[in-house]
Structures are given as structure tokens and as C-alpha cells.
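Dropping the structure in here first, questions after.
The values are calculated or read from the model by the stated rules, or taken from the named source; none is laboratory data. Small disclaimer: the values here were computed from a predicted structure and weren't measured. Here the Cβ positions follow ideal geometry from the backbone for every residue, glycine too, while neighbour counts run over all protein chains shown.
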Amino acid sequence: MTAVKTIVKDRVFQIAAAFAILSLFLARPRIADINFTTLWSLLAMMTIIQIFEYLHVLDFLAYRLTSGAHSARQLTWFFVMLSFVAAMFLTNDMAVLTFMPLYLRVAKKMDLPQIVPATAIAIAANLGSAMTPFGNPHNIFLMTKFHISLLDFLLWVLPLLVIAIIFLIGLTLTVKPKKIPVVPVQDLRINPRLTTITCLVAVLVFVAVFGVLPAWVAAIAAVLYALLLDRKILAHVDYGIICTFVCFFIIVSDIQQVPAVVSTLHTLEHDPISVYLTGIATSQIMSNVPATVLVAQFTHHVAALFYGTNVGGLGTTIASLCNLLAFKQFRAHASSDVKSKFFVPFTVINFIALFIIGGVGLLAVIYFS
């Protein structure tokens with residue numbers, strides 16, 4: 001019942017479901033348009049994320065690695081890098097939900113800056129998740145739909161990785177190096193044996209994304225392992241994102257049966273640069289996950305779509321679910337005197353990131369096309 005209530009209360013799912021119902025007036029969805037491999041992969045990944053949460057792995061790493069920070073700038077850098085790396089493996093949403101509250105708790109106690117560090121943590125999560133095939137749901141979708149090789153993926157990621165690190169370093173340097181006492185380490189412990197087993201199951205999910213194993217095998221392995229650990233883990237799995245993807249598939253299936261829509265999208269996506277710009281633009285108004293599912297049906301320029309929707313997660317507050325979660329976390333955990341001041345600098349810095357990193361993305365699209 002907890003899982004059902006969570007799905008029903010998921011605002012993104014509510015919106016997607018409403019549009020899916022409306023799209024039924026246009027056409028009837030085709031079962032062939034529902035990518036079940038993506039759904040199995042998402043179930044596996046969401047389950048693994050909750051197992052790591054259950055084992056307190058991210059909390060342990062955060063407190064251990066930041067305990068040696070001696071300045072506000074250094075502490076910000078530690079949290080930004082934690083967010084960046086964690087998002088590679090456990091999604092940008094999980095990184096923001098874990099590290100932004102942790103940082104804000106410390107910042108309030110020590111009277112440290114909150115707006116720029118919190119924004120940097122969110123941007124790092126968005127960028128980090130783009131670096132792996134399973135860092136975010138739309139990368140999983142692209143991998144399973146277009147059967148992208150690991151080598152191609154790594155080549156596409158390289159320019160984004162370089163500019164992301166440069167940008168995050170520059171953003172972190174804007175934080176004043178105010179001296180702080182050593183951050184106390186909380187008495188957190190993890191189970192090495194269970195953490196190792198979880199990592200091995202995560203490897204199964206990884207190889208399944210590349211088609212080495214059927215995606216349903218990895219999903220069943222992850223679910224069975226969660227049941228063995230504690231069946232309550234499954235109650236906290238984000239089934240909402242899976243149901244939301246089903247809605248996206250239904251919407252896109254119906255839309256692509258409307259000749260006028262198909263003609264318009266084909267016109268917008270006749271070359272890699274237009275696909276790239278379409279991916280960015282649609283992400284700004286409908287979030288990068290549904291934008292990926294929609295645009296993918298009308299193009300074979302996969303690299304351009306990869307860059308467009310991953311870079312497109314920067315920008316507006318709704319460009320990615322990660323941005324919405326970051327805004328919500330800041331409102332919930334920041335000091336009362338800065339809560340109302342977050343939106344404008346968060347948006348401005350995001351658009352600066354979109355412009356800079358988007359420029360590199362455009363060059364990459366031209367190179368790989």
C-alpha cells in the first residue's frame with residue numbers, strides 16, 4: 001500500500017498520466033511502442049538504489065570524505081564531487097536527495113553560504129548522471145532503444161566530462177574560503193559484505209543495460225536480493241518513474257500516429273544540430289526524460305539526441321526532475337532567511353551552465369556527426 005500511495009502522490013506521474021489519458025483521444029497506443037527492456041532496467045536500477053540507501057552507503061561516504069574540510073570552499077568541493085560521482089551510479093535524483101540536505105545541515109550549523117553550494121550540488125548531480133548509461137532514466141532508454149556500444153558512449157561522454165569538471169571547479173571557486181572547524185564524523189557504519197554483494201548485483205544491472213544479459217534477469221536478481229535483505233526495501237522503490245515511463249510510451253505512441261505532429265517533428269529533426277537544439281528546447285518545457293522519449297521516435301541522430309537531452313537538463317527548474325527536487329530540498333532544509341532568495345540565482349547559474357556546456361555539446365555534435 002505504501003508503494004501505491006507513493007505512485008499516486010507522484011506529481012510527475014500525475015501529469016504524465018493525465019496527458020496519457022488525453023492522448024487516447026488521438027489514437028490507440030501500440031504495444032510494440034512500449035520498450036519493456038527499459039522498464040525492466042529501470043526496475044532493477046531503482047531497486048539497487050534503495051538497497052544502497054538501506055545500507056547507508058552514501059551517508060557513510062559523505063560524512064567520511066567531508067570530515068577533513070577546513071574551509072567553506074573545500075567543503076563545497078567535496079559535496080559537489082560526491083554528488084557528481086554518486087549521480088553516475090545512483091541517478092541525479094538520489095544524489096540531490098542525499099547530499100543537499102546533508103550540506104545544508106552543516107551549513108546552517110556553521111553559518112556557511114547555502115545558495116551557490118546547493119546550486120553547484122544540483123548541477124553536479126545533473127552532469128554526473130549524464131556520464132554513465134544508467135545515471136539517469138533517459139540514458140537507459142537510449143541505450144536499450146538504439147543499442148549504443150560502450151565505446152561510443154564513452155567517446156560521447158568525454159567532452160562533457162572535461163567541461164563539466166572545469167565548470168564545477170569554476171563555480172566552486174566563487175565560494176569564499178571561509179575557515180571552518182573540522183566537520184564532525186557521525187557514528188555511521190556500513191556492512192562490507194552486504195555492500196560488496198550489492199555492488200555485484202549492480203554489475204548485473206550494468207551489463208544488462210548493454211544487452212549482455214536480458215534486462216528482466218537483472219531486475220529479478222535485484223528484487224530477490226532486496227527481499228532477502230528486508231522486504232520493506234521494495235516498498236520504497238521509485239515505481240513512480242517506471243509508471244511514468246509507461247505513460248510516456250503511451251503518449252509518444254499516440255502522438256506519432258498523428259500525421260501533422262509527425263510532419264512537424266520530422267521537419268525539426270532533419271539534421272544533427274536541429275535534433276540537438278530540439279532536445280534542449282523540449283527539455284526546458286517538458287523535462288529531459290519525456291523529451292528524450294518523444295524526440296527518439298523521429299530521429300536516427302542518436303549522439304545529437306544524447307547531448308541535447310543531457311545538456312537540456314540544465315536551465316529551467318522543470319528541465320529535469322533533479323532540478324525540481326533540488327528546489328524542494330532547499331526550501332525544506334535551508335535557513336529561513338535564504339529560502340525565498342534561491343530561485344533566481346539557481347536559475348541564472350543553471351542557464352550559464354546551459355550556455356557554456358551547451359556550446360561544448362554543440363561542438364561535440366558537429367564532431368561526431
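Quick check on this structure: which one of Ser263, Ser274 is in a helix (DSSP H, G or I), hydroxyl-bearing (Ser, Thr, Tyr) and under 24 Å from Pro133 (Cα atoms)?
Ser274
Only one residue in Leu160, Leu155, Leu171, Leu150 is under 25 Å from the mean Cα position of the chain (by Cα), within 15 Å of Val80 (Cβ to Cβ) and in contact (Cβ under 8 Å) with a residue 60 or more places away in the chain. Which one?
Leu171
Given the criterion surrounded by fewer than 19 Cβ atoms within 10 Å (Cβ to Cβ), in contact (Cβ under 8 Å) with a residue 40 or more places away in the chain and in a helix (DSSP H, G or I), identify the matching residue among Thr195, Thr144.
After applying the criteria, what remains is Thr195.
Mind listing just one residue for me: the one in the stretch 219-245 that is without any contact (Cβ under 8 Å) to a residue 12 or more places away in the chain and over 17 Å from Ile7 (Cβ atoms) and, of those, nearest to the chain's Cα centre (by Cα)?
Across the stretch 219-245, the extreme among qualifying residues is Ile220.
Is the stretch 304-313 home to any residue that is without any contact (Cβ under 8 Å) to a residue 12 or more places away in the chain and within 30 Å of Phe368 (Cβ to Cβ)?
no
A follow-up question, please. Of all the residues that make up the stretch 119-166, how many are of a type in the set (Asp, Glu) and under 23 Å from Tyr103 (Cα atoms)?
Of the residues in that region, 0 qualify.
Tell me which residues, restricted to the stretch 139-173, are hydroxyl-bearing (Ser, Thr, Tyr) and either within 17 Å of Val311 (Cβ to Cβ) or at pLDDT 95 or above (or both).
Across the stretch 139-173, the qualifying residue is only Thr172.
A further question on this structure: Filter the stretch 125-138 down to residues that are at pLDDT 90 or above and of a type in the set (A, V, I, L, M, F, W, C) and give me whichever is surrounded by the fewest Cβ atoms within 10 Å (Cβ to Cβ).
Looking at the filtered set, the residue picked out is Met131.
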